[in-house]
Amino acid sequence: MSRAITFSEYGAPDVLRLSEVDVPEPGPGQVRIEVRAAAVNPLDLKIRSGRVAEMIPVRFPMIPGFDAAGVVDAVGEGAEAGVGDEVLGSTSGGAYSEYALLDNPVAKPVALPWDVAASLVSVGRTAHRVLGELGVQPGQTLLVHGAAGSVGIIATQLATARGVIVVATVSERDIDRLTALGATAVPYGEGWWDRVRAVAPGGIDRVFDASGAGVLAESVALAGDIDHVITIADMSAAQYGVRFSDGSGGQGENPLPELVQLAADGRLTVPVWRTYPLAEAEQAHTDLEAHRNHGKAVLLP
């Protein structure tokens, strides 16, 4: 037996319980890891609350979480890692646990801290995928809404490294941080449209909405084409003819090895706000729902 966080009904963060569960056995191609870090993502909160029950039904009791990093302690037939390897990836069966299964483990460089490794998985893939879907090219101008969030800040860094001009809408407190990463940052909120036009007189070529803050109509007007705008956060996207990117169509080759190496080399910053013991998952969810975080929250089993 091992310890894991589970929930047996939808509800507030207090439905999360520290429980005794069976240690999972890896199937073909899978590895079992002793989890060293598990990222807490906004989707975890939505699943726990039942807000996405129709799209993502769960089987109770459920172990939440998708992203983890740890040390391989058992392997299935044909697995692409060995016992003792340090890896990261998406879990099969939940990440908030002392042990978890990974389907496609990616090697973790020694220089990459455990909390950063776990934090990079979903947000890195999402940022990489959406930039590809937008087809933004060097020299073009990309507007990123919610650029200080976990996905937005990675998208900003990847885009600027490719020679894309990035305009970022952020809170006042994040302007200097995004400016240091190469973006032209402006405050979000009332009047953001005029502020963006002022710093991008040549116009906006593409828009990546990672905020879900009701900015799609204006974003389409700025980009001049609904195909040049993608959101990962605004459920009203269809109302404006805008694509909602959820990764359901796949994204080709796994970008994680490249992203992991960039982070290990110091060329990609993945902000970690706070780490929590596994038993404090409820507090982690509470803090995220109250928007107290300023970066990723990570559980350390």
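If I ask for residues that are touching a strand residue (DSSP E or B) at 6+ places or on another chain (Cβ under 8 Å) and either more than 14 Å from Pro113 (Cα to Cα) or of a type in the set (Asp, Glu) (or both), which ones from the stretch 70-79 would you list?
Keep residues of the stretch 70-79 that are touching a strand residue (DSSP E or B) at 6+ places or on another chain (Cβ under 8 Å), which gives 70-76, 79.
Across the stretch 70-79, the qualifying residues are Val72, Asp73, Ala74, Val75, Gly76, Ala79.
Right, Val75: of a type in the set (Val, Ile, Thr) and either within 23 Å of the chain's Cα centre (by Cα) or closer than 24 Å to Asp246 by Cα (or both) or not? Against the criterion (of a type in the set (Val, Ile, Thr) and either within 23 Å of the chain's Cα centre (by Cα) or closer than 24 Å to Asp246 by Cα (or both)), Val75 does not qualify. Of all residue pairs spaced 6 or more apart or on separate chains, those with beta-carbon atoms under 7 Å, a first member in the stretch 101-126 that is within 13 Å of Val40 (Cα to Cα) and a second member that is of a type in the set (Phe, Trp, Tyr) and modelled with pLDDT of 95 or more are Ser122/Phe66.
For the stretch 2-23, indicate whether the set of residues that are in the same structural domain as Asn293 (by TED's automatic domain parsing), under 22 Å from the mean Cα position of the chain (by Cα) and basic (Lys, Arg) is non-empty. No, the stretch 2-23 contains no residue that is in the same structural domain as Asn293 (by TED's automatic domain parsing), under 22 Å from the mean Cα position of the chain (by Cα) and basic (Lys, Arg). The residue that is surrounded by the most Cβ atoms within 10 Å (Cβ to Cβ), counting only those in the stretch 128-153 that are in contact (Cβ under 8 Å) with a residue 60 or more places away in the chain, part of a helix (DSSP H, G or I) and not β-branched (Val, Ile, Thr), is Ser150. When Val260, Val298, Val270 are screened for being within 15 Å of the chain's Cα centre (by Cα), assigned to a loop (DSSP other than H, G, I, E, B) and within 27 Å of Tyr99 (Cα to Cα), only Val270 passes. Residue-level check: of (1) in contact with a strand residue (DSSP E or B) (Cβ under 6 Å, 6 or more places away or on another chain); (2) surrounded by fewer than 24 Cβ atoms within 10 Å (Cβ to Cβ); (3) more than 15 Å from Leu268 (Cβ to Cβ), Thr160 misses just (3).
Among the residues of the stretch 7-21, which ones are in contact with a strand residue (DSSP E or B) (Cβ under 8 Å, 6 or more places away or on another chain) and surrounded by fewer than 21 Cβ atoms within 10 Å (Cβ to Cβ)? Break it down stepwise before answering.
First pass over the stretch 7-21, keeping only residues in contact with a strand residue (DSSP E or B) (Cβ under 8 Å, 6 or more places away or on another chain): 7-8, 15-21.
Of everything in the stretch 7-21, those that are in contact with a strand residue (DSSP E or B) (Cβ under 8 Å, 6 or more places away or on another chain) and surrounded by fewer than 21 Cβ atoms within 10 Å (Cβ to Cβ) turn out to be Ser8, Val15, Arg17, Leu18, Ser19, Glu20, Val21.
List the pairs whose first member sits in the stretch 44-60 and is in the same structural domain as Ala12 (by TED's automatic domain parsing) and more than 23 Å from Val123 (Cβ to Cβ), whose second member is among the hydroxyl-bearing types (Ser, Thr, Tyr) and surrounded by 10 or more Cβ atoms within 10 Å (Cβ to Cβ), and whose Cβ atoms are under 8 Å apart, counting only residues at least 6 apart or on separate chains? Note: pairs meeting the criteria are Gly50/Tyr10; Ala53/Tyr10; Phe60/Ser8.
From the residues in the stretch 222-268 that are charged (D, E, K, R) and under 14 Å from Gly124 (Cα atoms), which one is surrounded by the most Cβ atoms within 10 Å (Cβ to Cβ)? Working first, answer last.
Within the stretch 222-268, the subset charged (D, E, K, R) is 225, 227, 234, 243, 246, 253, 258, 265, 267.
Filter once more, so that each one left must be under 14 Å from Gly124 (Cα atoms): 246, 253, 258, 267.
Numbers: Asp246: 11, Glu253: 7, Glu258: 15, Arg267: 12.
Within the stretch 222-268, the match that is surrounded by the most Cβ atoms within 10 Å (Cβ to Cβ) is Glu258.
What number of residues within the stretch 1-28 satisfy the criterion of being closer than 17 Å to Ala68 by Cα and assigned to a loop (DSSP other than H, G, I, E, B)?
Restricting attention to the stretch 1-28, the residues satisfying the condition of being closer than 17 Å to Ala68 by Cα are 2-6, 23-26.
Checking which are assigned to a loop (DSSP other than H, G, I, E, B) leaves us with 23-26.
Of the residues in that region, 4 qualify.
Within the set Thr156, Thr160, the sole residue that is more than 30 Å from Gly78 (Cβ to Cβ), outside any loop (DSSP other than H, G, I, E, B) and more than 14 Å from the chain's Cα centre (by Cα) turns out to be Thr160. Checking the stretch 103-122 against the condition returns no match, with no residue being at positive phi, surrounded by fewer than 17 Cβ atoms within 10 Å (Cβ to Cβ) and assigned to a loop (DSSP other than H, G, I, E, B).
The values are calculated or read from the model by the stated rules, or taken from the named source; none is laboratory data. Keep in mind that what you see is a predicted model, and the values were worked out from it rather than measured. Cβ atoms come from the backbone with ideal geometry, glycine included; neighbour counts cover every protein chain shown.
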